[in-house]
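The values are calculated or read from the model by the stated rules, or taken from the named source; none is laboratory data. Just so we're clear, the structure is a prediction, and the values are computed from it rather than from any experiment. Here the Cβ is made from the backbone with ideal geometry for all residues, glycine too, and neighbour counts use every protein chain on show.
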Amino acid sequence: MSDPTGDAKLELKQASKEVKESENVAEKFSAMTVSKNSEMNMGELSTVFSAVPTHKPVKKQIQFVEDKQEFSRFPTKTGRRSLSRSISQSSTDSYSSAASYTDSSDDETSPRDKTQINSKGSSDFCVKNIKQAEFGRREIEIAEQDMSALISLRKRAQSEKPLAGAKIVGCTHITAQTAVLIETLVALGAQCRWTACNIYSTQNEVAAALSETGVAVFAWKGESEDDFWWCIDRCVNTEGWQPNMILDDGGDLTHWMYKKYPNVFKKIRGIVEESVTGVHRLYQLSKAGKLCVPAMNVNDSVTKQKFDNLYCCRESILDGLKRTTDVMFGGKQVVVCGYGEVGKGCCAALKALGAIVYITEIDPICALQACMDGFRVVKLNEVIRQVDVIITCTGNKNVVTRDQLDRMKNGSIVCNMGHSNTEIDVASLRTPELTWERVRSQVDHVIWPDGKRVILLAEGRLLNLSCSTVPTFVLSITATTQALALIELYNAPEGRYKQDVYLLPKKMDEYVASLHLATFDAHLTELTDEQAKYLGLNKNGPFKPNYYRY
Amino acid sequence: MSVQVVAAKMAEVELKDVLTGKDLPAESPVTPTSEGKNLIRNDPHEAGSSAATSPTAEPSAKAGEGSLGLLTPNTAKMPQGSAMKRTDPQQNGGEAFVNRDGTVAEAPRMKKIQFADQKQEFNKRPSKIGRRSLSRSISQSSTDSYSSAASYTDSSDDETSPRDKQQKNSKGNGDFCIKNIKQADFGRREIEIAEQEMPALMALRKRAQGEKPLAGAKVVGCTHITAQTAVLMETLSALGAQCRWAACNIYSTQNEVAAALAEGGFSVFAWKGESEDDFWWCIDRCVNVEGWQPNMILDDGGDLTHWIYKKYPNMFKKIKGIVEESVTGVHRLYQLSKAGKLCVPAMNVNDSVTKQKFDNLYCCRESILDGLKRTTDVMFGGKQVVVCGYGEVGKGCCAALKAMGSIVYVTEIDPICALQACMDGFRLVKLNEVIRQVDIVITCTGNKNVVVRENLDRMKNGCIVCNMGHSNTEIDVASLRTPELTWERVRSQVDHVIWPDGKRIVLLAEGRLLNLSCSTVPTFVLSITATTQALALIELYNAPEGRYKQDVYLLPKKMDEYVASLHLPTFDAHLTELTDEQAKYLGLNKNGPFKPNYYRY
């Protein structure tokens, strides 16, 4: 990896070529995912390949913030220790790239230089091409199918208009799922202005569809750094309109307003922040005593955490491995490093398919859980010679080192479900004696001098982002939580929320869950008055104390 | 069910000592009709054997409450169980007493102290439903079950109260009071068996023995006295502590274990079947001894703490720490702390992660199958089962049943748990939607009247109804005590309730806790609790001045992790260690704690 940037570009070119040639839809899909990933990686490369974010020249300082955020946004899938998550967002990328089929325009003009007007004569937006609105509408309608919770929220709350008067400025990925959220907020009475939190993730056709309906959207796929901040500024700085709510993902919008428009910032009624990075920034601000508005941390809600980690990984581990290697799981020996939520999900799925699963763990409590769930807890070195698949999900670095890779048997598969690309020491494989062979997109054979091959997936990056999809249902959980957090902050009586960062009240968590039950045709039992009295609970919840572990 | 028969018989013998007039008022809250029926249909074996072994019980019961007295001696036994502290689960009279009317408040005034116990009794029932209520400490209840089964040496005909006997152990020491010192050999064997399954305590002995972290500690304890506790006490002693011990329950003591401990030099004051008066006398003897002042308290239920707090306030002030296991005791401590009257630091070991997970999820996952098999020999494959409640207990039950090939439905009130059930592949329904088609109904909600008469009326023939949740409130058993329904006891703990049209419902353990009544609790689970207690004592005793103020603390996460790590060798599990580089990367200490406090596991 002497010239990572060049490498990535090459990969990108290769990938787009595949797109043109390929007839096969599945292949096309994965190819596009690749191209998407390599695009993303270009921004991320410096951080990724040095494993630690390096400091770029001062000139690029703002860019650096963006890069770092990019880096940090990779879901750790490992509990909530570090700054490194928000799967919904990354997953959105993957999804959007697959869906941006209208994107092959040869239009070289920057959207900033174009004058566009939607069918109602409004031009208060800036997107790639307003003509793509119809395509975007279709995307949104597909997303609506799987986001029934938001739709039912629309129905339930539409008459009350709980957000009437709310002026929401948002900075998230602009995808079909976000569009469903935005349109829900509008249906509940809010006025919205929106921008993208990532320069690559925007689905242009969705942005067009939103603009067509009158939402002021400033975003397109492939913004420059300058464009990025320009868009945010256009969102905030508009005559005769002052936002009173912020919905942020990553903290850039909050930061911008805090720095540039402190007077507007002071009048904000509440901030809703989704990503770990953003939440961390808010906590820092709060610690420094500079947070002058209440903020809501929706990242740590029970439902989001369980879905982002346990349930999501339980499905994506099989999907990712199948897509890339067509491996059969029955009877295979698999070692899963780490038994947190992600590890639990992976193990459950693999066990169900008849794989023999070993666990490595550092935390004795999680290790004991693994034992009780019927898994052998071992050290990696004890089983490294015999296993067929290694999956890392520790959130740590250098969990699988060159030493171990040397001792693996021929044909074993190595992949990472954990945090960024630090878990497998991939850099150690870039030595002259080893031959790398790319056999498929995201699949490398690393060949030892004696002919032994190790199959490395996604170059040690996150398997579930690179090689599998994230279901809309998961995004629906996040979006619903965000909508409810906005409603809660906006309608909270004076004094309920001070100038601090709050977790969503448990009751809201429960409400989010209840909105999603309809998907499963699940029928919740209601407490009788007598039973509620016996338990000392309100009939409508919250049902559990805050420290309940679920 | 031979185990239970033995248990019942043993308990019966003890009646002779305990059954006095003062136990009887507690019966009054029990509806005589329902209780009577209940009792009449006791297992014939139980009835027979107890009748044979304890003729004295009958007259006293008769004296206390006319019509009930005509029943088998079991009748007398049941209310008594309710009146006094926990007894073995087979006798579940306590539950009946406490819960049939929903409260315990009606207990007669004159029984004030007693009442405190009853309430505690009630509270000690494992809720198995998360940690909402005051209703848990399975280890304790389970200990009962275990101990009752194991007290095989107990059938002595000795009528003298241990208080009136002079006993000396082989070393000439007489500072103890137990049933019969001669049983020490038997007890030693029991203890050795328990040691096998309590590797963590044994490892702790070995690891810490060199340092003697409890050297100078004078621990006064009040817990169930069973083989498992004996292992704990001997561990404490090996770590340097001096121990004096009393029982926290008048029935749960394994006499032979107490004997073995006394023989080993421990000052133990406990025997099975103490009277209320004996109970407090034993506690007092533990505490009030010349030339010895305790500096640590290990309590289960809060009685000992309360006694010292009330009677020996000066001594109480000098205590370095209290370790409390039960929810009741913890609750009492929090109240004391709230009132500003807690002048020593206390440790709540009830809410440790390991204990909670083992008491609920893992334990119930095993006992649901065991309990159902033992009682009904049912085959699970393809059966339709509805599990009410998807907390830790519900999750355990569902996992086990699913693994056996059952079709599992879940009912829930909490949408988050409901969503978990959905994601785990269970159909979430209301009970009424599936009640006509299911073969088994299992309740584990912690709530009351989850299965009501109306539901029971609509069940199909042969449906099994049982309770894994909280006490006996979940199934409205009282509503089945009507004239048109016939009750038929087919096995111990198994009743057929027969409708006029011939439909039969199989009711297990009369709606009481299935896993306490009809299955065992593994020593391994008790080992977790005991290890946690030992570590809590060490932590409190060795903590530098000022680390713990006068408040109730949770065990530090690091200790929780240590408890878990001590149990890993049982599974031959090899924990991976962080390298320095990795620890730095994660910002963790190499030796833990590894997770933030709010981590959900």
Worksheet item: Going by the conditions given, is A:LEU537 surrounded by 14 or more Cβ atoms within 10 Å (Cβ to Cβ), more than 7 Å from chain B (Cβ to nearest Cβ) and free of Cβ contacts under 8 Å to residues at least 12 places away in the same chain?
Response: yes
Worksheet, complete the sentence: The correct count of residues that are of a type in the set (S, T, N, Q) and either in contact (Cβ under 8 Å) with a residue 60 or more places away in the chain or more than 10 Å from every other protein chain (Cβ to nearest Cβ) (or both) in the range A:364-395 is 3
Fill in: Failed item, numbered, when B:TRP499 is tested on (1) of a type in the set (Phe, Trp, Tyr); (2) surrounded by fewer than 22 Cβ atoms within 10 Å (Cβ to Cβ); (3) within 14 Å of another protein chain (Cβ to nearest Cβ)
(3)
Discussion item. Give me the residue from the range B:436-453 that is more than 19 Å from B:CYS364 (Cβ to Cβ) and within 12 Å of chain A (Cβ to nearest Cβ) and, out of that set, surrounded by the fewest Cβ atoms within 10 Å (Cβ to Cβ).
Written reply: B:VAL452
Discussion item. So in the range A:301-327, with the set limited to residues that are surrounded by fewer than 21 Cβ atoms within 10 Å (Cβ to Cβ) and closer than 14 Å to A:GLY345 by Cα, which one is modelled with the lowest pLDDT?
Written reply: A:GLN305
Worksheet item: Do we find that B:LEU566 is modelled with pLDDT of 90 or more, touching a Phe, Trp or Tyr at 6+ places or on another chain (Cβ under 9 Å), part of a helix (DSSP H, G or I) and more than 7 Å from chain A (Cβ to nearest Cβ) in this structure?
Response: no
Response to the item:
Of (1) crowded, with 20+ Cβ neighbours inside 10 Å; (2) within 14 Å of another protein chain (Cβ to nearest Cβ), B:ALA399 fails just (1)
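Each row is one residue, and each column tells you yes or no for (1) over 30 Å from the mean Cα position of the chain (by Cα); (2) within 9 Å of another protein chain (Cβ to nearest Cβ); (3) acidic (Asp, Glu).
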{"site": "B:LEU516", "(1), (2), (3)": "no, no, no"}
{"site": "B:SER519", "(1), (2), (3)": "no, no, no"}
{"site": "B:LEU555", "(1), (2), (3)": "no, no, no"}
{"site": "B:TYR562", "(1), (2), (3)": "no, yes, no"}
{"site": "B:LEU575", "(1), (2), (3)": "yes, yes, no"}
{"site": "B:LEU586", "(1), (2), (3)": "yes, yes, no"}
{"site": "B:ASN589", "(1), (2), (3)": "yes, no, no"}
{"site": "B:TYR598", "(1), (2), (3)": "no, yes, no"}
Worksheet entry | Answer residue from the range B:402-431, given it is at the interface with chain A (Cβ under 9 Å from one of its Cβ atoms) and polar (S, T, N, Q) and is farthest from B:THR354 (Cα to Cα) among those | B:THR411
Practice prompt. Any chance you could count how many residues in the range A:291-342 are in contact (Cβ under 8 Å) with a residue 24 or more places away in the chain, within 19 Å of A:ALA458 (Cα to Cα) and out of contact with any Gly (no Cβ under 9 Å at 6 or more places or on another chain)?
Written response: 10
Discussion item. Residues that are touching a helix residue (DSSP H, G or I) at 6+ places or on another chain (Cβ under 8 Å), at least 3 per element: which helices (runs of 4 or more DSSP H) completely within the range A:449-550 meet that?
Written reply: A:463-466, A:472-491, A:506-517
Worksheet entry | Residue, modelled with the highest pLDDT, within the range A:261-279, restricted to residues that are part of a helix (DSSP H, G or I) and buried (at least 19 other Cβ atoms within 10 Å of the Cβ) | A:PHE265
Worksheet item: Among B:LYS595, B:LYS558, which is part of a helix (DSSP H, G or I) and surrounded by fewer than 22 Cβ atoms within 10 Å (Cβ to Cβ)?
Response: B:LYS558
Worksheet item: Can you name the condition, by its number, that A:LEU318 falls short on among (1) in the same structural domain as A:ALA164 (by the TED database); (2) touching a helix residue (DSSP H, G or I) at 6+ places or on another chain (Cβ under 6 Å)?
Response: (1)
